[in-house]
1. For residues that are crowded, with 16+ Cβ neighbours inside 10 Å and of a type in the set (Lys, Arg), tally how many sit in the range 132-160.
2. State whether one or more residues within the range 185-198 are surrounded by 13 or more Cβ atoms within 10 Å (Cβ to Cβ), touching a Gly at 6+ places or on another chain (Cβ under 6 Å) and modelled with pLDDT of 90 or more.
3. I'm told HIS112 meets every condition in (1) under 28 Å from VAL88 (Cα atoms); (2) in contact with a Leu (Cβ under 9 Å, 6 or more places away or on another chain); (3) surrounded by fewer than 16 Cβ atoms within 10 Å (Cβ to Cβ) except one. Can you identify the failing condition by its number?
4. Just a yes or no: is a residue in the range 90-107 over 27 Å from ALA17 (Cβ atoms) and of a type in the set (Asp, Glu)?
5. All but one of (1) loosely packed, with under 14 Cβ neighbours inside 10 Å; (2) more than 16 Å from the chain's Cα centre (by Cα); (3) under 20 Å from TYR259 (Cα atoms) hold for MET92; which doesn't?
6. Quick one: is GLY178 of a type in the set (Gly, Ala, Ser), assigned to a helix (DSSP H, G or I) and farther than 29 Å from GLN115 by Cβ?
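The values are calculated or read from the model by the stated rules, or taken from the named source; none is laboratory data. Only a predicted model underlies this, so the values are computations on that prediction, with no experimental measurement involved. Positions of Cβ are backbone-derived with ideal geometry, glycine not excepted, and every protein chain shown enters the neighbour counts.
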Amino acid sequence: MFERISRSWELVKASYAVLRADKELIVFPIISMLGTLAVMIVFAIPMALAGSFGRMADGDTGIFEYVIAFMFYLVMYTVVIFSNVALVGAAMIRLRGGDPSASDGFKIAMDHLPQILGYAAISATVGLLLRALRERGGLAAMVAAWFGEMAWNLATFLVVPVLVIENVGPVEAIKRSGSLLKRTWGEQVVGNFSIGLIFGLLTVAAVIVVGLPLGALAAASGSVVMIVLAVGIIVLLVVGISLVGSALNGIYVAALYRYATENVVSDQYFSSELVQGAFQEKRKRF
């Protein structure tokens, strides 16, 4: 566990060096977050008016709810994938020695809009099927859905850079992503470290070290203004950590794709050992 944390921290530092060189990369996670909030608000209103939330809470999910859920997934995934394509595209320019701007990332995303929409539709379909399996199938189905989600996330890990660099359709990109992982890191792979682990720990630490004392002081003051201010500061802190983590994850994926396809790393930022150890074969149990 401690070795995994150590390697994850090294990965965070390497990815952060890229972000420090191109601070504008943080724009794309911000857009993704704002777009996600906007989509949630837009879809929540008609669902609330139609009483869908009450029916879903009672386990009575009907055709209307599934149609709305699919549309929600479709729009949400489009926003997120568009932002990720822009981020990875700009990061690839930096890793190859260029000096990208935010407009470069947006142009790359716009140039691949048809593939983004296609991939969003596939992701929405998979997401809806997994959700239906969790809701309708009992404990065994919930476990199957969990494993299905894990497998899907792994198979699509490199889809975004494939879409950006190879300019293929979404179905071919999914196949290519899985093929690259198998060819480069083995038939069965598990994450050897992750940016999510580090930023999960950072979020917990921020809440404990900053959030709890600040909240306690605000509550002790008895002032509504102070309480609202404290909550706002805590939320901004957590959101800020999340945005940086999202940016670093996109940079990480770009570096892994470059290694998988070109067998090279950007030594200025990532060491060969760090990228090569991104995944490891599962040990067989006897």
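1. The total comes to 1.
2. Within the range 185-198, none of the residues are surrounded by 13 or more Cβ atoms within 10 Å (Cβ to Cβ), touching a Gly at 6+ places or on another chain (Cβ under 6 Å) and modelled with pLDDT of 90 or more.
3. (3)
4. Step one: filter the range 90-107 for residues over 27 Å from ALA17 (Cβ atoms), giving none.
No.
5. Among (1) loosely packed, with under 14 Cβ neighbours inside 10 Å; (2) more than 16 Å from the chain's Cα centre (by Cα); (3) under 20 Å from TYR259 (Cα atoms), MET92 violates only (1).
6. Values: of a type in the set (Gly, Ala, Ser): yes; assigned to a helix (DSSP H, G or I): yes; farther than 29 Å from GLN115 by Cβ: no.
Spelling it out, it is not the case that GLY178 is of a type in the set (Gly, Ala, Ser), assigned to a helix (DSSP H, G or I) and farther than 29 Å from GLN115 by Cβ.
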